[in-house]
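First comes the structure, then the notes that go with it.
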Amino acid sequence: MSTKRSHVVQHPVPIGNQPVRVLETQMLKWFESKFPDFKCEIAKIVNAGGASRIIDYNCDEVPILGTAGRYRTPYITEDGKICIHETFLSYVWALSYSIMVIFDEEFHGPRTGQQPGHGKEIGEFLQFGYDVLEYGLYLRRSYKRWPNSLPNPDPNWYRGDDTYYPQRANGIYVAAVDFILCHELGHAACGHLKKDAEARSKGKFIPSYEIKEGEIEADAWALERVIRGVKHSPENKETVGFGAIAGLACLLFLRKDLTSRTHPDTDSRIRAVLERLGEEKIKNLWGIAATYYVAWSHASSAGLDFGVEFDTYGDFVDHIERQLSEIKFCEEKRRFTFD
Ligand SMILES: [Zn+2]
């Protein structure tokens, strides 16, 4: 696959204006080579007319929020071209870096006494975590260039003393975008694009429950591929799991409601990843998911209660999900009453 606005070159010189541009080649390489047969699988989907080899990489310096209240999140067109926006990618990196730092420096480190690999005091980089989170969330509705003072993916751009977390965040970001690209390709592979085109040619609408089923199917297709990647390279398991959770959790911060007519609930999608890749509830991946919920609760003023003793991060996620269920119940009731 190749990126941008239109040339079929295997791995072109990175395009774009934001620091994430330096990860473009790495991102495409990871996507195509996650396991040996995946390139053949992509070729089959392309040959069957379900997908294009070109990824449209839009690098306009604008916020994620576009016109008519729609966010510039990734999507696949009816003719099979995956479209991604660079500002959304910066947002994914910011939410990967920040949640990793907050988890290590504020939750996991103090809880276990485990020293982060950077060799400095626990908490040393916590403020960076919060500052990068704030910048990432800012990009949702406004745009400004990545501040020079903040850690970012480009070692030539950022020369601060935190290189440990940016390097790890780069891996998580690449895994997050891989999951997102697989989800979009999954729509082509599962025949959703043809179904959409047929319905449109007949002037019919696809009912929302069918769109939702398609989203679940595309997630399952993507998860299956990234799991095959883990079987091929087991050392990447935590990065792949963190990436898939990051790719999904980013959606949490973009929507007012947790429920939607056309998309499965984000917490259910995250749960599916945790159950396939998180294994036992003791694993850190559950703690990472919990950290996303804590950050989301603060950012959205959802007021979730985190004051609970727990033995494993999985138990903590269960405690959070019970509260999310209550919020979703109220949303459904409100929708039923007023729609
Ligand atoms: Zn989708």
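Per residue of the chain, the DSSP helices (runs of n ≥ 4 H) give a summed -39500 (n - 2.57) that works out to -17500 deg cm²/dmol at 222 nm. GNM on the chain, alpha-carbon springs under 10 angstrom: the most fluctuating residue among 169, 244, 299 is 299. Residues whose amide H lies under 5 Å from that of residue 71, counting only those 5 or more places away or on a different chain, are 66; hydrogens are built 1.01 Å from N in the peptide plane. Taking only the alpha carbons of the chain, we obtain Rg and Dmax values of 19.6, 64 Å in that order. Reducing segment 17-63 and segment 158-205 to their Cα centroids gives an inter-centroid distance of 9 Å. Judged by the gyration tensor of its Cα atoms, with axes a ≥ b ≥ c, segment 10-100 is oblate; a/c meets the 1.5 cut and b/c is at least as large as a/b. Distances between placed amide hydrogens fall under 5 Å for residue 55 paired with 2, 3, 4, all partners being 5 or more residues away or on another chain. Cα gyration tensor of segment 116-234, axes a ≥ b ≥ c as square roots of the eigenvalues: rounded (a/c below 1.5), prolate (a/b > b/c) or oblate? It comes out prolate by the Cα gyration axes.
Build a GNM of the chain with springs between Cα atoms under 10 Å apart, and of 15, 288, 102 the one that fluctuates most is 15. Go ahead and set up a Gaussian network model of the chain, Cα springs under 10 Å, then flag whichever of 296, 157, 286 fluctuates most. Of the options given, 157 has the highest mean-square fluctuation. Annotation: lysines with alpha-carbon distance below 27 angstrom to residue 256 (same-chain offsets under eight excluded): 144, 212, 328, 333.
Taking a straight Cα-Cα cut-off under 21 Å and skipping sequence neighbours fewer than 8 places away in the same chain, the lysines within cross-link reach of residue 237 are 29, 34, 39, 281, 283. Taking a ≥ b ≥ c as the square roots of the eigenvalues of the alpha-carbon gyration tensor, segment 193-339 is classed oblate because a/c is 1.5 or more while a/b is no larger than b/c.
A short reminder: the numbers here are calculations on the coordinates, not readings from a lab. What you are looking at is a predicted structure, and each value in this text was computed from that prediction instead of being measured.
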